[in-house]
Amino acid sequence: MNDIPLKIAPLVPVGSDLRDVTLLHQIERKLLWLSSWMIHNANHIRPNRDGLKVGGHQASCASCISILTALYFSVLRPQDRVAVKPHAGPVFHALNYLFGRQTQAKLAGLRQMGGIQSYPSRTKDGSEVDFSTGSVGLGVALTSFSALVQDYVRLHGLGRADIPAGRHIAIAGDAELDEGNIYEALLEGWKHDIRNVWWIIDYNRQSLDSVLPDRLFGRIEGLFRDMGWNVVTLKYGRRLLAAFAREGGEALERWIDDCPNSLYSALTFQGGAAWRQALLADLSRAEGVRAIIDPLSDGELADLMTNLGGHDIETIIEHLRAADALGDQPTCFIAYTIKGMGLPFAGHKDNHSGLMTKEQMEVFRASNRIRDGHEWDQYEGLDASADEMAAFVASVPFATPLTPEGRSLSAPTVHVPALLPMPRVSGRKSSTQSGFGDILAEIGRGTGELKELAERIVTTSPDVTVSTNLGPWVNRRGVFDRHTRNDVFRDAKVASAQRWGMTPSGQHIELGIAEQNLFLLLAAAGLATQLHGARLLPIGTVYDPFVNRGLDAMIYACYQDARFMLVSTPSGLSLAPEGGQHQSINTPLIGMAQDRLASFEPAYVDELAILMRYGFEHMQKPDGSSVWLRLSTRGLEQKPRTLDPAAVIAGAHWAVPPAPGARIAIAYQGPVAPEAEEAFAALLEEVPGAGLLAITSPDRLHAGWTAAAQARRAGERTARAHIETILAPLARDAALVTILDGHPAAHSWLGAVRGQRVVPLGPERFGESADIPDLYRKHRMDTDAILDACAQALLG
Ligand SMILES: Cc1ncc(C[n+]2csc(CCOP(=O)(O)OP(=O)(O)O)c2C)c(N)n1
Ligand SMILES: [Mg+2]
């Protein structure tokens with residue numbers, strides 16, 4: 001009989017004893033059972049009301065069982081933060097169940113209302129989830145930005161003294177490394193010299209559709225090293241390594257090394273007899289090989305041939321501990337695994353969404369010794385007693401709660417003064433973009449009541465710091481870097497408006513031009529309260545059209561409920577000669593549709609000051625959200641006036657109120673205000689009593705409208721939306737001519753509020769450089785077009 005496994009002395013990880021290793025193997029078995037059963041239960045046991053596939057990924061879970069066991073039950077410390085690859089969500093929840101931090105009801109409700117989500121979710125699954133995942137690549141990259149934010153917080157003395165710095169760890173699927181955002185994050189991470197990041201790649205060499213060749217990973221490994229990462233490859237487990245050390249073992253090793261991934265996967269699926277046939281076909285004459293494989297049964301041979309590093313818990317723990325001992329260098333672990341390991345479809349190329357059949361599950365149940373009705377028992381069917389298992393789980397480092405309040409931390413809110421410093425623009429021309437820079441620069445003085453606010457703001461921009469007007473703020477507060485770096489130009493006395501030395505106390509994080517990185521950094525900084533117990537008020541600036549470039553990361557940041565202020569500028573056609581390709585049309589609609597993001601477009605600086613102030617407060621409220629300000633470079637004459645802040649925040653205010661029963665109003669949003677005002681002056685001569693409405697947020701107006709309808713349905717009969725109140729003075733059959741420098745659909749719904757007619761204006765085409773008069777004329781945004789629309793509206 002085979003004596004290979006017996007000859008290997010158990011490799012006992014430093015600090016563990018043999019008993020621990022045995023118990024860790026029991027946990028692996030349990031996590032494989034629970035994750036498989038959770039998905040099986042959701043698909044085959046629970047009633048299905050709509051006939052739709054529930055789904056789940058038993059093979060993806062099985063692939064990383066040993067990695068997650070090694071991590072959570074041996075290496076991880078409470079202060080570490082982890083992003084678990086989306087399709088291993090069930091394993092993550094199962095292990096929390098063993099820690100007593102997840103309920104059976106939630107597990108049994110996988111993918112059901114109130115149950116655990118398909119992929120780990122901060123907002124829905126509870127505070128055990130450090131980072132949501134789902135859109136592949138983003139969770140992985142977020143860990144490096146979160147590590148950067150951890151350094152920022154600690155270097156600014158804002159962190160919690162009672163919590164040591166943690167490691168930021170991603171368990172990544174290998175196909176996640178196909179996503180470009182990974183490489184953008186790697187480059188940015190290198191620039192910022194990030195520390196304390198581990199990416200553990202579940203290298204099963206399978207994605208959704210296929211088995212991948214090894215060649216690519218050779219290149220990827222080099223890339224990590226070039227970016228200053230340590231790379232640790234866990235290719236073979238201890239049993240295979242022991243076999244390689246025997247006579248003939250070298251030939252066996254070479255054979256496996258040369259075996260294409262697709263063949264290796266197919267043989268894994270086919271099992272021991274197929275392995276034997278393939279090995280004998282190639283190696284029967286190799287000295288010693290037969291002595292290794294002949295004594296093994298088919299099952300033992302299959303076990304040996306699939307003994308990869310990522311399934312060998314002792315190997316994994318050894319390597320993680322070794323990297324830990326080396327310090328805080330970012331480290332990528334490439335852990336070879338088999339997708340579906342331990343399940344009937346292990347290695348099959350189509351197993352990504354594969355589910356065990358009921359018959360297969362019964363066989364699996366028997367092999368796990370699970371009695372009917374005891375499927376959810378935490379330690380059912382294991383060799384060790386439940387008491388011994390529970391005591392072991394309670395003894396591992398990660399079992400200690402991070403704080404008595406749990407893993408999601410809190411921090412006091414930052415005081416926002418009743419009024420932000422208003423730049424002296426009255427009677428002068430100014431744009432919302434320049435007003436933004438002025439207001440932030442004034443806050444940057446950090447005097448008096450502004451001190452705390454100034455200290456908690458952190459700004460960032462993907463290489464558009466100067467052109468979005470953050471320069472004056474940065475001159476006051478400095479650029480952040482873990483290391484002090486002088487401003488060479490300044491030292492050489494070269495005149496420049498930008499004085500940018502870099503220090504650990506700087507408050508602007510400069511990014512390269514990669515908008516996904518902007519949103520990932522905003523996500524990380526926007527979660528600083530929950531992850532680091534330090535409240536930050538992150539502001540990110542970007543050109544409005546390039547919000548689209550980072551859109552998935554923006555949605556991802558909002559999905560986790562990260563809180564930030566997005567300032568997109570310049571926007572629309574109004575950037576005019578600078579424009580062409582950079583003109584944005586769809587962003588107001590994105591702002592309306594995006595959950596957990598309140599979006600605004602002020603026309604004047606006084607409105608902007610109100611909205612910035614509101615934004616800083618709203619970002620901090622438990623039921624608040626992130627805030628988006630869409631700004632413009634078009635200079636408008638700033639008038640002295642008094643505004644009702646509540647109306648500006650609710651989305652619209654009357655610049656000129658209509659007479660009761662008025663037949664028409666012009667509604668404008670953003671930098672087209674002068675055209676609307678001029679048209680309005682002409683209209684008044686024809687239709688006295690017409691109104692001029694300033695819209696600051698179609699997003700808030702629409703949200704308020706649907707919320708009021710819902711409140712009325714719920715019995716609150718007096719509930720009234722702001723837009724309903726605003727439009728109430730107009731006649732029932734009044735007409736609204738609306739205009740914005742963005743897609744007109746942002747306003748065309750306004751007619752539905754009271755059954756009034758809307759003639760919506762705004763560009764539907766883009767992409768041509770010109771000056772504003774030409775562009776506004778061509779795209780029907782000028783005074784004549786507005787007056788034409790009024791005539792059309794009045795005629796009905
Ligand atoms: C951005 C994005 N594109 C596509 C998908 C659909 N998808 C889900 S998993 C997957 C392949 C994942 O393969 P890998 O990362 O290797 O995971 P594993 O093999 O461990 O399941 C794809 C394409 C997704 N979730 N996110
Ligand atoms: Mg994979």
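The values are calculated or read from the model by the stated rules, or taken from the named source; none is laboratory data. No experiment lies behind these values; they were computed from the predicted model shown. Cβ placement follows ideal geometry from the backbone for every residue including glycine, while neighbour counts extend to all protein chains displayed. Each accessible area value is taken on the protein alone, full model and side chains, heavy atoms only, with ligands, DNA and RNA left out. Shrake-Rupley method; radii C 1.70, N 1.55, O 1.52, S 1.80 Å.
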Which residue is nearest to ligand 2 (Cβ to nearest atom), if the candidates are limited to segment 191-223 and must be crowded, with 22+ Cβ neighbours inside 10 Å and among the aliphatic types (A, V, I, L, M)?
201
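Would you call residue 268 open to solvent by less than 40 Å² (accessible area, probe 1.4 Å), modelled with pLDDT of 95 or more and touching a Gly at 6+ places or on another chain (Cβ under 7 Å)? Even if it seems obvious, please write down each step before you answer.
Working: open to solvent by less than 40 Å² (accessible area, probe 1.4 Å): yes; modelled with pLDDT of 95 or more: yes; touching a Gly at 6+ places or on another chain (Cβ under 7 Å): yes.
Against the criterion (open to solvent by less than 40 Å² (accessible area, probe 1.4 Å), modelled with pLDDT of 95 or more and touching a Gly at 6+ places or on another chain (Cβ under 7 Å)), residue 268 qualifies.
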Number of positions in segment 745-779 that are under 22 Å from residue 590 (Cβ atoms) and hydroxyl-bearing (Ser, Thr, Tyr):
1
Residues that are in contact (Cβ under 8 Å) with a residue 24 or more places away in the chain and basic (Lys, Arg), drawn from segment 438-469
445, 456
Do we have any residue at all in segment 33-50 that's modelled with pLDDT of 95 or more, closer than 30 Å to residue 323 by Cα and within 16 Å of ligand 1 (Cβ to nearest atom)?
yes
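Looking at the structure I just gave you, is residue 466 in contact with a helix residue (DSSP H, G or I) (Cβ under 9 Å, 6 or more places away or on another chain), at pLDDT below 95, farther than 25 Å from residue 609 by Cα and not in a helix (DSSP H, G or I)? Step through it out loud before you land on a result.
Details: in contact with a helix residue (DSSP H, G or I) (Cβ under 9 Å, 6 or more places away or on another chain): yes; at pLDDT below 95: yes; farther than 25 Å from residue 609 by Cα: no; not in a helix (DSSP H, G or I): yes.
So residue 466 does not fit the description; no.
Given the structure, is residue 610 of a type in the set (A, V, I, L, M), out of contact with any Pro (no Cβ under 9 Å at 6 or more places or on another chain) and in a helix (DSSP H, G or I)?
Working: of a type in the set (A, V, I, L, M): yes; out of contact with any Pro (no Cβ under 9 Å at 6 or more places or on another chain): no; in a helix (DSSP H, G or I): yes.
In short, no.
Looking at the structure I just gave you, is residue 720 at pLDDT below 95 and open to solvent by 10 Å² or more (accessible area, probe 1.4 Å)? Break it down into steps so the answer makes sense when it comes.
Values: at pLDDT below 95: no; open to solvent by 10 Å² or more (accessible area, probe 1.4 Å): yes.
Answer is no for this residue.
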Single condition residue 158 does not satisfy, out of (1) among the hydrophobic types (A, V, I, L, M, F, W, C); (2) closer than 30 Å to residue 414 by Cα; (3) crowded, with 24+ Cβ neighbours inside 10 Å:
(3)
Subset of segment 590-608 (residues that are touching a helix residue (DSSP H, G or I) at 6+ places or on another chain (Cβ under 6 Å) and more than 18 Å from residue 559 (Cα to Cα)):
600, 601, 602, 603, 605, 607, 608
Looking at segment 279-300 only, could you name the residues that are free of Cβ contacts under 8 Å to residues at least 60 places away in the same chain and either in contact with a Phe, Trp or Tyr (Cβ under 9 Å, 6 or more places away or on another chain) or among the hydroxyl-bearing types (Ser, Thr, Tyr) (or both)?
279, 282, 283, 284, 286, 289, 293, 298
What helices (runs of 4 or more DSSP H) completely inside segment 684-758 contain at least 1 residues that are of a type in the set (Phe, Trp, Tyr)?
698-713
The residue from 557, 598, 553 that alone is in a strand (DSSP E or B), modelled with pLDDT of 95 or more and open to solvent by less than 10 Å² (accessible area, probe 1.4 Å) is 598
Which one is nearest to residue 145 (Cα to Cα) among residues in segment 174-190 that are open to solvent by less than 60 Å² (accessible area, probe 1.4 Å) and within 16 Å of ligand 2 (Cβ to nearest atom)?
182
Scope segment 346-363; condition assigned to a helix (DSSP H, G or I), open to solvent by 20 Å² or more (accessible area, probe 1.4 Å) and of a type in the set (A, V, I, L, M, F, W, C); matching residues:
363
Output the residue which, of all residues in segment 774-796 that are assigned to a helix (DSSP H, G or I) and open to solvent by 80 Å² or more (accessible area, probe 1.4 Å), is nearest to residue 677 (Cα to Cα).
784
With (1) assigned to a helix (DSSP H, G or I); (2) among the β-branched types (Val, Ile, Thr); (3) out of contact with any helix residue (DSSP H, G or I) (no Cβ under 7 Å at 6 or more places or on another chain) as the list, and residue 649 as the residue in question, which single condition is left unmet?
(3)
Residue 256 is checked against (1) free of Cβ contacts under 8 Å to residues at least 60 places away in the same chain; (2) not in a helix (DSSP H, G or I) and fails just one. What number does that condition carry?
(2)
Quickly run through segment 195-209 and pick out the residues that are within 9 Å of ligand 1 (Cβ to nearest atom) and either assigned to a loop (DSSP other than H, G, I, E, B) or touching a Lys or Arg at 6+ places or on another chain (Cβ under 6 Å) (or both).
204, 205, 206, 207, 208, 209
Filtered residue count, segment 141-163, keeping only those that are out of contact with any Lys or Arg (no Cβ under 9 Å at 6 or more places or on another chain) and within 16 Å of ligand 1 (Cβ to nearest atom)
2
Note: among 651, 661, just one is in contact (Cβ under 8 Å) with a residue 40 or more places away in the chain, on the phi > 0 side of the Ramachandran plot and surrounded by fewer than 21 Cβ atoms within 10 Å (Cβ to Cβ), namely 661
Odd one out for residue 59 among (1) open to solvent by 20 Å² or more (accessible area, probe 1.4 Å); (2) of a type outside the set (Val, Ile, Thr); (3) at pLDDT 95 or above:
(1)
Scanning segment 560-587 residue by residue, those open to solvent by less than 10 Å² (accessible area, probe 1.4 Å) and part of a helix (DSSP H, G or I) turn out to be 573, 574, 576, 580, 587
Of the residues that sit in segment 164-194 and are outside any helix (DSSP H, G or I) and more than 27 Å from residue 65 (Cα to Cα), which one is farthest from ligand 1 (Cβ to nearest atom)?
164
Within segment 305-326, can one find any residue that is surrounded by fewer than 18 Cβ atoms within 10 Å (Cβ to Cβ), part of a loop (DSSP other than H, G, I, E, B) and not β-branched (Val, Ile, Thr)?
no
Residue 510, sole failed condition from (1) at pLDDT 95 or above; (2) open to solvent by 10 Å² or more (accessible area, probe 1.4 Å); (3) in a helix (DSSP H, G or I)
(3)
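Just checking, which of 154, 239, 219 is modelled with pLDDT under 95, more than 18 Å from residue 141 (Cβ to Cβ) and among the charged types (D, E, K, R)? Please lay out each step first, then the result.
Working: 154 fails: modelled with pLDDT under 95; 239 fails: modelled with pLDDT under 95.
None of the others qualify; the one that does is 219.
For segment 372-394, does any single residue satisfy the condition of being part of a helix (DSSP H, G or I), in contact with a Leu (Cβ under 9 Å, 6 or more places away or on another chain) and open to solvent by less than 10 Å² (accessible area, probe 1.4 Å)? Before you say what the answer is, go through the steps one by one.
Here is the first cut: in segment 372-394, the residues part of a helix (DSSP H, G or I) are 386-394.
Within this subset, residues satisfying the condition of being in contact with a Leu (Cβ under 9 Å, 6 or more places away or on another chain) are 388-390, 392-393.
Cutting the leftovers down to open to solvent by less than 10 Å² (accessible area, probe 1.4 Å) gives us 389, 393.
Yes, segment 372-394 contains a residue that is part of a helix (DSSP H, G or I), in contact with a Leu (Cβ under 9 Å, 6 or more places away or on another chain) and open to solvent by less than 10 Å² (accessible area, probe 1.4 Å).
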